[in-house]
Structures are given as C-alpha cells and as structure tokens.
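Read-outs: derived from the displayed coordinates by stated rules, not from any lab. Treat the numbers as computed from the prediction; the structure is a model and nothing was measured. A quick note on method: Cβ atoms are made from the backbone with ideal geometry, for glycine too, and the neighbour counts reach across all protein chains shown.
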Amino acid sequence: MSLRFNRNTDGETQALGRSRGGFGCKIIGLCDAAGRLVDFVLAPGQAHELAASVLLLQRLPKPPTWALADMACDAKVFRSAARAMGSIPVVPSRKNTKQPEPCPDYLYRHRNLIERCWSRLKEWRAIATRYDKTAISYAAGIAIATTLDWFKSSG
C-alpha cells in the first residue's frame, strides 16, 4: 500500500478551494478489488477529477486489468492513459457524447467498491468534515483511517 501526497507547505497546496458546496477539498482515490483505498490525491474543491485520476493511474506499480471510473473521467485523456498502461477503461459515456464508447455493465457494477470505501472512511468525523488546516495533517488522517480500514478488512 502506498499513500503519497505533496509535502509542499505554500498556500497553493493546501487543497482548499471554492465549489458549489462551499469552501472545501476533494479526495480522489484509487481502490483495489477488495474495496480498500490504495492511493489518493487531495485536490481543491473546484478542481476537476480527471487530472488527478490520470496521475493515480500512472503512479500504480502494476497496471490493473480494468480501470473503472465514473462519468467525470469520460475523456480521451483518461482512456488513452489507461490503454497505454495495458488496462481496459470501463467508463460510461456521457449522454451528449457524439461517439459513445462501450461500457460493460457487468464490470461497471463493481465501481460501488470505491463508494463503499468512501463511506467507511467518512465514518471518521475528521475525514468527513476536514477540521485540519493543512493538507499534510488531513492526508495523514486519511492515511491512518485507511490503514485501520485495511486492518479491519484483513481480519
């Protein structure tokens, strides 16, 4: 398991930003087939998930067979990055896409594993509300919660 994050302390890397929900941040993560968080990136609230998703794919030590993602990653960049690694992208196309790509339902239904992973991690009050001021301390809290989740799932 590798949980990496930026250690810069200037104002730009605190992963805080404005979004429709207010002032906050996003946790963009990657989980394994058992639904456990493997790697994550903190991003400001207004940032798109696509760049961080491609970064997480590239940081994997071994390419996965399938790269499941939600509609936010329906872009040529994500699909080509997954194919370059040797993975098959499983991303549903948006409704207004001119050339929709196939997304097998029998594979996409396993995407609920990451949603259940977030549900377990957000049981931790500090993760759900982000009381920490700095990105380093917030990422450390996520890493601790993830480690305890790994221990709980292995027992």
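General observations
- Ranked packing of 128-135, 77-84, 52-59, 96-103, most packed first, by mean Cβ within 10 Å: 52-59, 77-84, 128-135, 96-103
- Charge dipole magnitude, Cβ of K and R +1, D and E -1 - the range 11-154, Cα centre, debye nearest 20: 220
- Measuring between their Cα centroids, the range 80-129 and the range 54-68 lie 12 Å from each other.
- Relative contact order (percent, whole number), the chain, Cα cutoff 8 Å, 6+ residue spacing: 21
- Karplus-derived 3J(HN,Hα), 6.51/-1.76/1.60, for each residue of the range 107-115, Hz, glycine and proline x: 9, 5, 5, 7, 5, 5, 4, 5, 5
- Fewest-first ranking of Arg94, Arg125, using other Cβ atoms within 10 Å as the exposure measure: Arg125, Arg94
- Fraction of beta bridges assigned by DSSP in the range 16-99 that are antiparallel (%, nearest 5): 75
- Volume per residue of the convex hull around the Cα atoms, evaluated for the chain, comes out as 127 Å³.
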